[in-house]
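Take a look at the structure below.
The values are calculated or read from the model by the stated rules, or taken from the named source; none is laboratory data. This one's a predicted model, so the numbers in the text were calculated from it and none came from an experiment. Positions of Cβ are backbone-derived with ideal geometry, glycine not excepted, and every protein chain shown enters the neighbour counts.
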Amino acid sequence: MSGALRIVFAGTPEFALPSLRAAARHGQIVAVYTQPDRPAGRGRALTASAVKQMAQHHGWEVRQPTSLRTLEERRTLAALQPDVMIVVAYGLLLPPKILAIPKQGCWNVHASLLPRWRGAAPIQRALEAGDAQTGVCLMRMEAGLDTGPVMLSLTTPIDADDTGGSLHNRLAELGGEVLADALTLLRSGVRPVAQPQPALGASYARKLDKAEARLDWNATATVLARKVRAFNPWPVAEGLVAGERMRIHEARALEQAHAATPGSVLAASRDGLDIACGQGVLRLLVVQRDGGRAMTIAEHLNARASQRA
């Protein structure tokens, strides 16, 4: 293509930042769309999204509509004459009339290997399910939810110690890489070929709910350990331990037979706090009491001993 690519970027959280940087390196950012400011922190003050903060730092135009379905928003976007609109964790649905405006279409960076884990929480659901690998896809958007054809993808193994946080960060960087590859092709006059998603293997990654974080000790230790990893750093797994509610930041499943009631404390040492599960044992490694900070089990036992002294 002749001249700089005119890019409209739509995104909201930190996950979108590597993609926004890639877009800025490979074209001209003519506008940035992001969610309206939201209350955050203990003071609940209105806070700009991570994408808005980066856009303001670079002096890019910022738009924060509550909907893209109005004629006014369509006209505003059309007036920007975008070659491509890049969408990364934006948080608003793009209606068909919006999708039709950019010359090269609307592209979405999605944090899974489509068609597996379409939807809002693909990173956490992949961890929770015990998937061996995941990745990012660059998809040409259509009216369906994450159903569009895929142009490029990158994969990464899910390591045994990966959490929702570590996988989020790695996939965010891969998202920037896959977008950079596609924009490089487009700038050289090659439109990335989009392949339809396979008909088989589709699954839906529903939005996270705080209620899911409550651990049921009747489940297997393997399932519970996956939940702990998936829900770190949010919403953080929690469970009743010796009658006390604790948030569980880190744990490991042990293939250990027992005849104890699920939820019973089997052992407590500096190595961990062992909880009986429906099958196996969950060894708690980092916990947080109500009103306290996250601490290792060794620190937790020391604190309890000091309280009793």
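Of everything in segment 1-18 that is closer than 16 Å to ASP83 by Cβ and either in contact (Cβ under 8 Å) with a residue 24 or more places away in the chain or of a type in the set (Lys, Arg) (or both), the residue that is surrounded by the fewest Cβ atoms within 10 Å (Cβ to Cβ) is ALA4. Number of residues in segment 130-147 that are among the aliphatic types (A, V, I, L, M), surrounded by fewer than 17 Cβ atoms within 10 Å (Cβ to Cβ) and at pLDDT 95 or above: the value is 1.
What residue, of ASP271, ASP290, is among the acidic types (Asp, Glu) and either in contact with a Phe, Trp or Tyr (Cβ under 8 Å, 6 or more places away or on another chain) or more than 18 Å from GLU238 (Cβ to Cβ) (or both)? Exactly one of ASP271, ASP290 is among the acidic types (Asp, Glu) and either in contact with a Phe, Trp or Tyr (Cβ under 8 Å, 6 or more places away or on another chain) or more than 18 Å from GLU238 (Cβ to Cβ) (or both), namely ASP271.
Selection of strands (runs of 3 or more DSSP E) fully inside segment 4-47 by the criterion of at least 2 residues being farther than 18 Å from LEU77 by Cα and either assigned by TED's automatic domain parsing to the domain that holds HIS110 or at pLDDT below 95 (or both) returns 38-40, 45-47. Can you find, within segment 269-307, the residue that is nearest to GLN256 (Cα to Cα) among those that are out of contact with any strand residue (DSSP E or B) (no Cβ under 7 Å at 6 or more places or on another chain) and of a type in the set (Asp, Glu)? Ranking the qualifying residues of segment 269-307, first place goes to ASP271. Of the residues making up segment 162-174, those that are of a type outside the set (Ser, Thr, Tyr) and free of Cβ contacts under 8 Å to residues at least 24 places away in the same chain number 2.
When ARG304 is tested against (1) modelled with pLDDT under 95; (2) touching a Lys or Arg at 6+ places or on another chain (Cβ under 9 Å), exactly one condition is not met: (2).
In this structure, GLN197 does not satisfy being touching a His at 6+ places or on another chain (Cβ under 9 Å), within 30 Å of PHE15 (Cα to Cα) and surrounded by 13 or more Cβ atoms within 10 Å (Cβ to Cβ). Please specify each residue of segment 48-76 satisfying the condition of being touching a Leu at 6+ places or on another chain (Cβ under 7 Å) and either assigned to a helix (DSSP H, G or I) or acidic (Asp, Glu) (or both). Once the filter is applied, which keeps residues that are touching a Leu at 6+ places or on another chain (Cβ under 7 Å) and either assigned to a helix (DSSP H, G or I) or acidic (Asp, Glu) (or both), segment 48-76 yields ALA50, VAL51, MET54.
Hand me the list of strands (runs of 3 or more DSSP E) wholly inside segment 100-214 holding 2 or more residues that are touching a Lys or Arg at 6+ places or on another chain (Cβ under 9 Å).
Values: elements: 106-110, 133-140, 150-157.
Qualifying strands (runs of 3 or more DSSP E): 106-110, 150-157.
Given the structure, is LEU68 among the hydrophobic types (A, V, I, L, M, F, W, C) and touching a strand residue (DSSP E or B) at 6+ places or on another chain (Cβ under 7 Å)? Taking the combined requirement at face value, the residue does not satisfy it. Among residues of segment 110-138 that are outside the structural domain of ARG229 (by TED's automatic domain parsing), those with a Cβ under 6 angstrom from a residue that is among the aromatic types (Phe, Trp, Tyr) and in a loop (DSSP other than H, G, I, E, B), sequence gap 6+ or separate chain, pair up as ARG125/TRP117; ALA126/TRP117. Yes or no: segment 277-297 includes at least one residue that is in contact with a Pro (Cβ under 7 Å, 6 or more places away or on another chain) and either free of Cβ contacts under 8 Å to residues at least 24 places away in the same chain or not β-branched (Val, Ile, Thr) (or both). There is at least one residue in segment 277-297 that is in contact with a Pro (Cβ under 7 Å, 6 or more places away or on another chain) and either free of Cβ contacts under 8 Å to residues at least 24 places away in the same chain or not β-branched (Val, Ile, Thr) (or both).
Does GLN35 satisfy the criteria of being in contact with a Lys or Arg (Cβ under 9 Å, 6 or more places away or on another chain), at positive phi and of a type in the set (S, T, N, Q)?
On the way: in contact with a Lys or Arg (Cβ under 9 Å, 6 or more places away or on another chain): yes; at positive phi: no; of a type in the set (S, T, N, Q): yes.
The answer is no for GLN35.
Residue count for segment 148-193 under the criterion of being touching a His at 6+ places or on another chain (Cβ under 7 Å) and surrounded by fewer than 16 Cβ atoms within 10 Å (Cβ to Cβ): the result is 1.
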